[in-house]
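In what follows, a single structure is set out as structure tokens and then discussed.
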């Protein structure tokens, strides 16, 4: 199989601003020294980070026990994630944080709550006692199927406090998907809500739980948060209102001293076999990884208001809405609803009102904002922002530039981060104030992380050729396995290259060593003998002045092997028709080459996305190929988008 061709050419370089660099948590000199240590002795690097950034009840005897592909970090040590996120900010020299905002929450209808570290600690201790009162003990699994409300973070931290691994199921999944995940984890208790607000309407959640657990023998109790005041069915003895239980609960609950490798959470991702994969993360290594990266990558300061727009049901929410941010004693903002309710400026309004200083969102959201028009962010005061971040998929250069200029006012560094559910935390990223950035590049691995671009035989590929992105050494936040299925863990992540972890992504490196992520290998298209990534064609399309967003898929073609099909959302006011089709095809040819010209371009007002903002390319492939849609579509933000695309096809 030929290497993946690197076609995207980007030469713009942005050096760190002097003012930002001067105050950065990690200076250029620090980063240079830490990179040397991380490359020479990654175990020593992570041990240093663990001592500096995590509070331990008992030290470790051995930093790493590595029996490929199974790792144990900080062997023999004891700690607690809830203690690190809460208690240590209420003690000694940090006690001043007692009255500092831990969570600023805003509901979609506009209701707001603020929980200080002291208040959050009290609520977490009370719910930990609620769990214990319902028979949950150390090692029991708890399923959380909830909207983006503070009770979700409280429930997570309560689980970690008593050593009960949680399994958060995104509140958009169907009852069947929920049932599969509850059964696979063997969850003893489910925490849910009557519903949550989305796009101006209450979205019921309790009915899906009722339906799901008719086939779940392990579930003994269901705790329900009252959010929308909608009617719910009730099973006496099994169902309990959150507020009733909390009214009677004690606020005294010491954090359990847990082994570093004690299971922390299970998070399910879609599997190619149709059976979800339960990604298992454990306590000490994961906490070290997310606490260290959050502090360095986001340059967290005590005065910051940090906002990651991800739902907590995804790994980004676990690591960089809750755990990594609260462990650093920072203020995290949680928002319940969508980015365009009640109007297209909702995000910018939130940033202005709450004086958000760090903003972390997905490239698909950024491209949606571009399509909606610059007047919406320009109508708000965004001067509080000092750092921007991107997560979820590769960001195309033109979206990066728009983000930098329109949202960041040309003054905010952008951290374009690459990582996965399986990695636990950020792996490849700029370090703000210390690293030159290039639009579209995640730049370099975080110190202590070893990554390479390799060919089919696991040999390093020479720049600028593309290949497979592999992680060549263990890291503390890495998944410890697939829940209950060690064989599947080995086959899925380690069988391709043996001792290397295969990430499933394609990438290439430039002459400066920077990584350019090219998207999922599954999305690579073989067009007339050229293996090209969909991301590069999408980037070429979006670089055209009339295009706001594009998604590219391949469909089988007898002549070329694969025909490129592009779904394009034009900018506001642009007329979509044959002249634009011709112009875009020639534009792609000029940017990449004639072989990459889309065989078909379909114009659309919106693309099918999950509520986390990811484009569901699987569905677009079905539409492009004329196939029936198969698989779960319940996470779609707007099902009408799919129907409209089919009607127009």
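Every number here is computed from the coordinates shown, using simple stated rules; none is lab data. Since this is a predicted model, take the numbers as computed values, not measurements. Glycine also receives a Cβ, built like all others from the backbone with ideal geometry; neighbour counts cover every protein chain displayed.
Structural descriptor for the chain: relative contact order 15 percent, calculated from alpha carbon pairs under 8 angstrom and at least 6 residues apart. Considering only beta bridges that DSSP places wholly inside segment 117-256, some 20 percent are antiparallel.
Only alpha carbons enter this Debye calculation for segment 270-320, each as an equal point scatterer, and the log10 of I(q)/I(0) it gives at q = 0.13, 0.30 Å⁻¹ is -0.44, -1.19.
Using only the alpha-carbon atoms, how far is helix 150-162 inclined from the longest principal axis of the chain? Give it as 0 to 90 degrees, nearest 10. It works out to around 60 degrees. What spacing in nm lies between the two simple spin-label points modelled at residue 381 and residue 627, each 7 Å away from Cα in the Cβ direction? Simple spin-label model gives 5.3 nm for this pair. Taking the inverse of the mean reciprocal distance over all distinct Cα pairs, the Kirkwood hydrodynamic radius of segment 117-256 comes to 14.9 Å. Peptides 499-512, 226-239 ordered by packing proxy, namely the average of other Cβ atoms within 10 Å per residue, highest first: 499-512, 226-239. Counting only alpha carbon atoms, the long axis of helix 42-53 and the longest principal axis of the chain meet at about 50°. Rounded to the nearest 500, the helix-only mean residue ellipticity at 222 nm of the chain stands at -8000 deg cm²/dmol, with each DSSP H run of n ≥ 4 adding -39,500 (n - 2.57). Peptides 174-187, 242-255 ranked from most to least packed, by the mean per-residue count of other Cβ atoms within 10 Å: 174-187, 242-255.
Centre-to-centre, using Cα atoms only, segment 43-71 and segment 454-503 are separated by 21 Å. Fully extending the segment from residue 270 to residue 257 would add 1.4 nm, taking 0.36 nm per residue of separation and subtracting the current Cα-Cα distance. Once you sort the root eigenvalues of the Cα gyration tensor of segment 222-284 as a ≥ b ≥ c, which label holds: rounded (a/c under 1.5), prolate (a/b larger than b/c) or oblate (the other case)? Oblate. For a paramagnetic label modelled at 7 Å from the Cα of residue 22 toward its Cβ, which residues of segment 417-442 fall within the zone defined by backbone nitrogen distances under 18 Å? Within reach of a label on residue 22: 432-435.
Each Cα pair of segment 1-88 feeds into the Kirkwood radius, which the Stokes-Einstein equation turns, at 4 °C and 1.567 mPa s, into a diffusion coefficient of 76 µm²/s. So what does log10 I(q)/I(0) come out to for segment 280-383 at q = 0.16, 0.22, 0.24 Å⁻¹, using the Debye formula with one equal point on every Cα and no solvent? Each listed q maps to, in turn, -0.73, -1.19, -1.32. Considering only Cα atoms, the convex hull volume of segment 370-415 works out to 78 Å³ per residue.
Antiparallel beta bridges, as assigned by DSSP with both residues in the chain, represent about 60 percent of the total such bridges.
Based only on other Cβ atoms within 10 Å, what is the fewest-to-most ordering of 356, 641?
Values: 356 22, 641 18.
By the 10 Å Cβ count, ascending, the order reads 641, 356.
Each part gets one Cα centre, and for segment 77-130 versus segment 235-297 those centres are 15 Å apart. Relative to the longest principal axis of the chain, what angle (0 to 90°, nearest 10) does the C-alpha long axis of helix 639-648 take? Helix 639-648 sits roughly 20 degrees off the main axis of the chain.
If a spin label sat at a point 7 angstrom from the Cα of residue 618 along the line to its beta carbon, the backbone N atoms of segment 531-545 nearer than 19 Å would be those of 534-535.
Just subtract the alpha-carbon distance of residue 247 and residue 66 from 0.36 nm times their residue separation and send over the number in nm, one decimal. The partial results should precede the final answer.
Numbers: separation 181, 0.36 × 181 = 65.16 nm, distance 4.64 nm.
Between residue 247 and residue 66, full extension yields 60.5 nm more.
May I have the convex hull volume per residue, in Å³, for the Cα set of the chain? Intermediate results must be reported in sequence, preceding the final value.
Values: hull volume 94.6 nm³, N = 649.
Roughly 146 Å³ of hull volume per residue.
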